[in-house]
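Have a look at the structure below, then the notes.
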Protein chains: 2
Amino acid sequence: MQKMMIHYNDVPIYPIVLSENFDALGEALDDLMIKDRKVCIVTDSHVADFYLEQVEHIVKEHCAAASHFIFPAGEESKTLTTVENLYEFLIQNKFERKDMLVALGGGVVGDLTGFTAATYLRGIRFIQIPTSLLAQVDSSIGGKTGVDFRAYKNMVGAFHQPKLVYSCAETLKTLTSQQYISGLGEIIKHGLIKDAAYYEWLKAHKEAILARDTQTVIDMIAVSCHIKKEVVENDPEEAGERALLNFGHTLGHAVEKLMNFTMLHGECVAVGMHAAAWLSMEKGMLTEAAYKDITDTIVSFGLPVSVKGLEPEQIVAVSKSDKKMDKGRVKFILLDPEGHAVIDRSIRDEQLLAAASVIVRNGEQS
Amino acid sequence: MQKMMIHYNDVPIYPIVLSENFDALGEALDDLMIKDRKVCIVTDSHVADFYLEQVEHIVKEHCAAASHFIFPAGEESKTLTTVENLYEFLIQNKFERKDMLVALGGGVVGDLTGFTAATYLRGIRFIQIPTSLLAQVDSSIGGKTGVDFRAYKNMVGAFHQPKLVYSCAETLKTLTSQQYISGLGEIIKHGLIKDAAYYEWLKAHKEAILARDTQTVIDMIAVSCHIKKEVVENDPEEAGERALLNFGHTLGHAVEKLMNFTMLHGECVAVGMHAAAWLSMEKGMLTEAAYKDITDTIVSFGLPVSVKGLEPEQIVAVSKSDKKMDKGRVKFILLDPEGHAVIDRSIRDEQLLAAASVIVRNGEQS
């Protein structure tokens, strides 16, 4: 078991616990003083089948009353309608300000549960039990919550910090290969933007990582969580440095949306990282060898570097409607030669279009 | 003009400006650095007729682009549906994270605009220009935002602090007598819970207050804002002392809901204060003379102390479904002999019922 603490302004805010299984969950819950409080476990229809019974059994022993709310698995559930159904459930079950929610699942469950917790009775507590690799290294940490609104992804949301993140390596065993590999997209990103040694370590341990060797996976999650932790601690509400985590996301989000969420988030980030690395090379910040190494690495982990069936113009248009805009300009994240990410506000439309062309022209590579 | 600053943890957060008219608004806007940002003025159909043109003219001169969003006046607009329409407007007009909303209107406009600002793109800035007496002395200060959800009042919301509160005494002239007097309900409450001298001052200046004499009104708003400011500074998210502001609200909210919002908020608070004062007397905390003085004062300002057509049992049942519950117990606010409010968690159901009976039995008094 590994444990690290997220601080804001040097004040400890919440622990991240990484464990092989759920054995240490009860102890972590005891620190939250919920003995005489109600707890609702929020999960989706897919994760419920695997882990709800086990988690609810543990939660029940550490609070006054445990209940659960299950919604249909999938991005299409991440809406205000699902949030409203959850409000209704909480009201019917008389949840009060000091009661708590548990988000048991991947990114959709975490984002939606966090947003409900942020806005029910002007904010109640919640904890994250992320079950996907992507959620364990990325979305469960840092307090970003939200839902999709009509055609717009994550336009509605709030910053609301969890009281605990409990990641259990065991849950990764039940992911499909595609879901697991999608999580590696964000992990490669962590190496690229912040830690060249970690990036090399990932390449060196590729076999064990892809085989989901428990200890290797826990070590990997620990480093990725540590990188994410440092960035969000320095910039809780994305006023500056936190934007670096958007490496690969500017065009990646556009691809995700245009593909109608048929590709997984980490896959789209991989494609977006390719475009961003190419643009870094075009601007003279990366060598061709470094650019080539990045695309080779992405491909070697089983992730795509391009997409079929989209037009570069569409990708640019959708990117420009994203929320990561400032006075109408895209905040693009590039890589510099020292293996650091930097924010670039000078990307012109024709450069964006050229980068988008790089990721659609070689359909056969994906 | 008067100005005071709200601090949290000794850090200045936002100013409250009290002015006779809108002449100082431009200068206050300049401090917000919105010269190259978009601003959307949110208001209702009633307030728009009186003040939108004037305010939009000033805002337009201090930002890059001003627009407005008008929704139908009334509590029935304070819903997630109106919020969703506002999200759509902001998305269509490409509002970004550093752009700003202006809430121009009474409590409904402020609560709804604040909640939209709290949740659009995970939070953008907003300012309050409260135009009702109630909003100027109460709802515009302290960062409580929210909407009604289905049958449940204010169950959905967030704490989100405005960047400026600009109150203009001129706007009070266009309130109906009933609306103006409703605001006095919260003002009398401020005297009762925190400042016996202010309560006496209110009684002594009754004629000038009811005549809406500009200087008297500004002095009154300043003291009430100061009382509200001190309470919310000590307890931004209602973990403790802030609950004292709920004096009169436990049964008052229940009455408001049961009367289907045909009575104004301050009127319901007045009725609730009567019940709470009576309960304070019953518990030996107030003398009969003090209790009588409170009801006489409420009545002398034209506010009701009782309601017709409700059953005490209904009032108790609805009170107990309110969000101000802790482990199933009502947190009731009572008055003590020194003119201070205290939180009481020991009120039994039969005492609640007796207090509810006091405010329904004398229908002819209201």
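Quick one: would you say A:Lys78 is farther than 24 Å from B:Asp111 by Cα and surrounded by 20 or more Cβ atoms within 10 Å (Cβ to Cβ)? Here the answer is yes, as A:Lys78 does meet what is asked.
Regarding B:Lys283, is this residue farther than 28 Å from B:Tyr198 by Cα, touching a strand residue (DSSP E or B) at 6+ places or on another chain (Cβ under 8 Å) and open to solvent by 40 Å² or more (accessible area, probe 1.4 Å)? No: the conditions fail for B:Lys283.
Would you confirm whether or not segment B:90-107 contains a residue that is among the polar types (S, T, N, Q), out of contact with any Gly (no Cβ under 8 Å at 6 or more places or on another chain) and open to solvent by 10 Å² or more (accessible area, probe 1.4 Å)? Yes, that holds for at least one residue. Among the residues making up segment A:75-93, a single one is touching a Lys or Arg at 6+ places or on another chain (Cβ under 8 Å) and assigned to a loop (DSSP other than H, G, I, E, B): A:Asn93.
Assessment of segment A:63-74 against the conditions (assigned to a helix (DSSP H, G or I), within 25 Å of A:Met259 (Cα to Cα) and under 24 Å from the mean Cα position of the chain (by Cα)) yields no matching residue. Residues that are away from chain B (no Cβ under 14 Å) and open to solvent by 40 Å² or more (accessible area, probe 1.4 Å): does segment A:59-66 have at least one? Yes: segment A:59-66 contains one or more residues that are away from chain B (no Cβ under 14 Å) and open to solvent by 40 Å² or more (accessible area, probe 1.4 Å). If the condition is being open to solvent by less than 20 Å² (accessible area, probe 1.4 Å) and under 16 Å from B:Ile359 (Cα atoms), then segment B:313-331 contributes B:Ile315, B:Val316, B:Ser319. Cβ separations smaller than 6 Å between residues 6+ apart or across chains give the following pairs from segment A:71-88 residues that are more than 14 Å from chain B (Cβ to nearest Cβ) to residues that are at pLDDT 95 or above and open to solvent by 40 Å² or more (accessible area, probe 1.4 Å): A:Pro72/A:Ser45; A:Ala73/A:Ser45; A:Ala73/A:His46. Once segment B:287-300 is narrowed to residues that are surrounded by 18 or more Cβ atoms within 10 Å (Cβ to Cβ) and of a type in the set (A, V, I, L, M, F, W, C), the residue that is nearest to the chain's Cα centre (by Cα) is B:Ile298. In contact with a Leu (Cβ under 8 Å, 6 or more places away or on another chain), closer than 26 Å to A:Tyr152 by Cα and within 14 Å of another protein chain (Cβ to nearest Cβ): does that describe A:Leu121? For A:Leu121, the condition - in contact with a Leu (Cβ under 8 Å, 6 or more places away or on another chain), closer than 26 Å to A:Tyr152 by Cα and within 14 Å of another protein chain (Cβ to nearest Cβ) - is not met.
Given the criteria more than 9 Å from every other protein chain (Cβ to nearest Cβ) and either under 21 Å from B:Val59 (Cβ atoms) or open to solvent by less than 10 Å² (accessible area, probe 1.4 Å) (or both), does B:Gly183 qualify? Yes: the conditions hold for B:Gly183.
Here segment B:148-180 is the region considered, the condition is being basic (Lys, Arg) and out of contact with any strand residue (DSSP E or B) (no Cβ under 7 Å at 6 or more places or on another chain), and the residue that is farthest from the other protein chains (Cβ to nearest Cβ) is B:Lys173. The set of residues from segment A:127-147 being farther than 20 Å from A:Thr176 by Cα and within 14 Å of chain B (Cβ to nearest Cβ) comprises A:Gly142, A:Gly143, A:Lys144, A:Thr145, A:Gly146, A:Val147.
The values are calculated or read from the model by the stated rules, or taken from the named source; none is laboratory data. The model shown is predicted, which means the values in this text are computed figures rather than measured ones. Quick reminder, even Gly has a Cβ in these numbers, built from the backbone with ideal geometry, and neighbours come from all protein chains shown. Protein only, heavy atoms only, side chains kept; ligands, DNA and RNA dropped before computing areas. Shrake-Rupley method; radii C 1.70, N 1.55, O 1.52, S 1.80 Å.
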